[in-house]
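Structure, as structure tokens:
The values are calculated or read from the model by the stated rules, or taken from the named source; none is laboratory data. Bear in mind the structure is a predicted one, so any value in this text is a computation, not a measurement. Glycine gets a Cβ as well: all are built from the backbone with ideal geometry, and neighbour counts include every protein chain shown.
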């Protein structure tokens, strides 16, 4: 009899789940486990920046006053010339002849180290314009600056002191640079005081002349196989 009573007590406590939920005021539907939410939206892909654009962004952070319009074609020229084995040094000099001569408009970048080496004044040719450059030529005797891609050559000491040869690489645009003796050299007329007095820098015979104080070290930095790119808004591919 005792075993039977004990079994009845156990059975009486084993109430059906539905009864227990009903006593608690919960419906079976509410008690059912909810399925986990699954994200069905695929995140938008991040834009992929090409290497030249990425490098241009880095260089503009180093030199905010260099214009994108001048920097991008300069970098593209350097990439091309490096691929052709013409540019053998990771240095790029950008000249923006679209800016007034009274403003720094020459920048030298170390592309390997991602460094700005120089930010300088630079003169243009006598017949290229006054403060603003407006006319360019590839012809002997024009006394005008030339645009486009150049590779730096050897140094020498001539009538303008320590100088560096430039080889123009764009046929019809600047490939007479060597015969015209278009070189980088120092000149006393490239000076902030001259710019203040005249409202412009003094002018060369077509050479990108720089301040005498930095001419020697700048030339030694970029000689023998780096790229110089001279840009102006009139330059077309």
* Kindly establish whether residue 175 is free of Cβ contacts under 8 Å to residues at least 40 places away in the same chain, under 24 Å from the mean Cα position of the chain (by Cα) and part of a loop (DSSP other than H, G, I, E, B). => no
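Here is a check on your reading of the model: is residue 54 modelled with pLDDT of 55 or more, out of contact with any strand residue (DSSP E or B) (no Cβ under 8 Å at 6 or more places or on another chain) and exposed (fewer than 12 other Cβ atoms within 10 Å of the Cβ)?
Values: modelled with pLDDT of 55 or more: yes; out of contact with any strand residue (DSSP E or B) (no Cβ under 8 Å at 6 or more places or on another chain): yes; exposed (fewer than 12 other Cβ atoms within 10 Å of the Cβ): yes.
Considered against the rule, which asks whether it is modelled with pLDDT of 55 or more, out of contact with any strand residue (DSSP E or B) (no Cβ under 8 Å at 6 or more places or on another chain) and exposed (fewer than 12 other Cβ atoms within 10 Å of the Cβ), residue 54 comes out as yes.
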* To do: Give the number of residues within region 156-172 that are free of Cβ contacts under 8 Å to residues at least 40 places away in the same chain, over 19 Å from residue 203 (Cα atoms) and assigned to a loop (DSSP other than H, G, I, E, B).
  => 3
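Does residue 153 satisfy being surrounded by fewer than 19 Cβ atoms within 10 Å (Cβ to Cβ), in contact with a helix residue (DSSP H, G or I) (Cβ under 8 Å, 6 or more places away or on another chain) and at pLDDT 95 or above? Spell out how you get there, then give the answer.
On the way: surrounded by fewer than 19 Cβ atoms within 10 Å (Cβ to Cβ): yes; in contact with a helix residue (DSSP H, G or I) (Cβ under 8 Å, 6 or more places away or on another chain): no; at pLDDT 95 or above: yes.
So residue 153 fails the test.
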* Assuming residue 217 fulfils every condition listed in (1) over 20 Å from residue 91 (Cα atoms); (2) part of a helix (DSSP H, G or I); (3) without any contact (Cβ under 8 Å) to a residue 40 or more places away in the chain apart from one, which condition is it? -> (1)
* Meets criteria (out of contact with any strand residue (DSSP E or B) (no Cβ under 6 Å at 6 or more places or on another chain), modelled with pLDDT of 95 or more, under 28 Å from residue 196 (Cβ atoms) and crowded, with 17+ Cβ neighbours inside 10 Å) for residue 75 -> no
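Residue-by-condition table, conditions (1) under 23 Å from the mean Cα position of the chain (by Cα); (2) part of a strand (DSSP E or B):
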{"position": "95", "(1), (2)": "yes, yes"}
{"position": "98", "(1), (2)": "yes, no"}
{"position": "102", "(1), (2)": "no, no"}
{"position": "116", "(1), (2)": "yes, yes"}
{"position": "123", "(1), (2)": "no, no"}
{"position": "142", "(1), (2)": "no, no"}
{"position": "146", "(1), (2)": "yes, no"}
{"position": "151", "(1), (2)": "yes, yes"}
{"position": "154", "(1), (2)": "no, yes"}
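Take the conditions over 25 Å from residue 193 (Cβ atoms) and touching a helix residue (DSSP H, G or I) at 6+ places or on another chain (Cβ under 7 Å) and apply them to residue 108. Does it pass? Walk me through it before giving the result.
Numbers: over 25 Å from residue 193 (Cβ atoms): no; touching a helix residue (DSSP H, G or I) at 6+ places or on another chain (Cβ under 7 Å): yes.
Against the criterion (over 25 Å from residue 193 (Cβ atoms) and touching a helix residue (DSSP H, G or I) at 6+ places or on another chain (Cβ under 7 Å)), residue 108 does not qualify.
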